[in-house]
Amino acid sequence: MIKKLPKQKTNIFDDQLEKIVVSCGIGKLRQANAQFGEKVLPEIIKEFGLITGQKPSTTKAKKSISGFNVRQGEVVGLRATLRRRRMEDFLERVINVVLPRVRDFRGLNLKSVDKNGNLNIGFKEQIVFPEINPETSRVNFGLQVTVVPKTRNREKAVDFYREKGLPLASK
């Protein structure tokens, strides 16, 4: 009879992190470009997919708001939820490659961690990601990255982030 060995954890974040949500609001880009649906949106989806490693889901407007020139059902955002291996690869890339490429970066503010331990990181441009070539990119958009830990305690989450190498600024 063959004995099965227990599974060894090969990932360093799986026991502590639940998911990473990457989102992007594109409502302002819709207003600025007349041919948004035909030319700009597919370009944004392609670059967002390169960054996250999976195709994003679209977020549509729930109701029309005339002040923002938004109609019900129009695409106003993109979102991708990363889990397991993609989550690990993405976070490693953010820590080791992307954050050092951000201009005037002095560490993440501790206010970026909310009371549940979620870490929110905002990027003004997608060009800081190494997958995007600035010469060929035709659209600039920002990204919001939310790291959700399994623990719902802020202090434990901050300790975990520091342990894994996230550059949190000192108090």
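The values are calculated or read from the model by the stated rules, or taken from the named source; none is laboratory data. Here the structure is a predicted model, which is why all the values come from computation and not from measurement.
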### Query
Is at least one residue of the range 99-114 at positive phi and modelled with pLDDT of 80 or more?
no
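Could you go through the range 50-64 and let me know if any residue there is polar (S, T, N, Q) and modelled with pLDDT under 75.
No, the range 50-64 contains no residue that is polar (S, T, N, Q) and modelled with pLDDT under 75.
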### Query
So, of the residues in the range 65-82 that are among the charged types (D, E, K, R) and modelled with pLDDT under 85, which turns out to be farthest from Leu29 (Cα to Cα)?
Arg71
